[in-house]
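These notes are about the structure you will find just below.
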Amino acid sequence: MATEPHALDAIDRRIIAELVADSRISMRALAEKTHISRAHAYVRIERLEDAGIITGFTTRIAHERAGLGSSAYVALSIRQHSWRGLAASLKALPFVEHFSLLGGDFDVLVLVRAPDNQELRHTVLEELQGLDGVLSTKTWLIFEEGNGPGPNWLPG
């Protein structure tokens with residue numbers, strides 16, 4: 001069940017934009033960039049976390065340099081009512097980076113990152129296709145990736 005969005009003001013949006021750009025920014029630098037005190041920055045971040053807007057801080061990885069040179073998107077068609085059990089299985093499966101329940105031609109989209117094509121093949125053909133509830137899969141190999149700008153967190 002969806003919850004009501006939390007109202008974000010200009011300061012919240014500036015804090016989010018700075019954290020998205022650099023989640024390791026010091027509280028002092030964040031306060032300076034957003035023109036608020038350090039104490040106020042701590043309070044704002046805690047409030048954003050309590051509201052469920054900030055759910056964690058991440059690190060971006062160069063996957064190939066980290067030994068995960070083979071990646072693919074795998075679309076799954078699943079049996080009706082199998083999503084909850086399937087989601088639990090996907091959370092535990094090695095090399096599954098992300099998955100989403102979809103509306104459309106396929107039911108689930110899975111991002112798989114593996115060390116090599118042999119492990120990618122094993123993950124797709126044996127692990128994913130072997131999960132209870134999976135009817136069929138379709139795989140797209142990733143040759144190159146990039147990031148877009150993402151949401152514009154600055155006030156418009």
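The values are calculated or read from the model by the stated rules, or taken from the named source; none is laboratory data. Since the model is a prediction, treat every value here as computed from it, not as a measurement. Note that each Cβ is placed from the backbone with ideal geometry, even for glycine, and that neighbours are counted across all protein chains shown. What goes into the accessible areas is simple: the full protein's heavy atoms, side chains included, and nothing from ligands, DNA or RNA. Shrake-Rupley method; radii C 1.70, N 1.55, O 1.52, S 1.80 Å.
Determine the share of segment 115-156's accessible area contributed by carbon and sulfur atoms, expressed in whole percent, with a 1.4 angstrom probe.
Carbon plus sulfur share of accessible area: 49 percent.
What accessible area per residue, rounded to a whole number of Å², is obtained for segment 29-156 using a probe radius of 1.4 Å? Don't skip to the answer; put the middle values down first.
Numbers: 8720 Å² over 128 residues.
Value for segment 29-156: 68 Å² per residue.
Inter-part distance, segment 14-37 to segment 122-153, computed on C-alpha centroids, equals 33 Å. Amide H contacts of Glu97 (H built 1.01 Å from N, in plane; Pro and chain starts excluded): Leu111, Val112, Arg113 sit under 5 Å, all sequence-distant by 5 or more or on other chains.
Long hydrophobic helices in the chain: the complete DSSP H runs spanning 15 Å or more by Cα along their own axis with mean Kyte-Doolittle hydropathy of at least 0.5 are 10-21. Quick check: from the Cα gyration tensor, does the chain come out rounded (a/c under 1.5), prolate or oblate? Prolate. On the basis of the beta-carbon distance and an R0 of 35 Å, Glu46 and Asn152 show a calculated FRET efficiency of 0.90. Remark: relative contact order (segment 30-156) = 28 percent; criterion is Cα-Cα distance under 8 angstrom and separation of 6 or more residues.
Counting only DSSP H runs of at least 4 residues, each contributing -39500 (n - 2.57), and dividing by the residue count of the chain, the helix-based mean residue ellipticity at 222 nm comes to -9000 deg cm²/dmol.
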